[in-house]
1. Given the conditions (1) of a type in the set (A, V, I, L, M, F, W, C); (2) touching a residue at least 12 places away in the same chain (Cβ under 8 Å); (3) open to solvent by less than 20 Å² (accessible area, probe 1.4 Å), and given that TRP55 satisfies all but one, which numbered condition is not satisfied?
2. Mind counting the residues in region 65-92 that are under 18 Å from TRP55 (Cα atoms) and among the small types (Gly, Ala, Ser)?
Amino acid sequence: MADKALVVVPDEAPEPTEADPDDLCKVYVGQLTPHANETHLQAFFRPYGVIRHIWIARRPPGFAFVTYLKAQAAKRAVEAVADMDEPIILGQTIKCELGGDRSSAAPTGGKRKRVRTKKGESFKAKKARKLAASI
């Protein structure tokens, strides 16, 4: 009789590693030359971790987002670029920061400041003035 091999199958398969949220994994790359493509960015940023996606702006050109699988890789990439004297892609010095970091971006939302035609005029006074002018 031939020997039979016993195969043991675990009850639970190991879970695949889940990716971190996109905001924490994105790296903003600014001041790119319009000639930069995905291959150039991948070659520059691959040593810092597994890249999930690269998006390059074309209209207007000059910036891109590199999305890593893990937030730690994105952080490593930003720190490494910050430590470089002149990080260069295709002869152009680039700027690099975490994509989820909105501290340097322009404030979004919030209350808009109302522009009035007359100094110190309230909304009610302006409305009354416009109403009186239309009669």
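The values are calculated or read from the model by the stated rules, or taken from the named source; none is laboratory data. Since we're looking at a predicted model, the values are computed, not measured. Glycine also receives a Cβ, built like all others from the backbone with ideal geometry; neighbour counts cover every protein chain displayed. All accessible areas refer to the heavy atoms of the entire protein, side chains included, with ligands and DNA or RNA removed. Shrake-Rupley method; radii C 1.70, N 1.55, O 1.52, S 1.80 Å.
1. So TRP55 meets the others, but not (3).
2. Residues flagged as under 18 Å from TRP55 (Cα atoms) and among the small types (Gly, Ala, Ser) within region 65-92 amount to 4.
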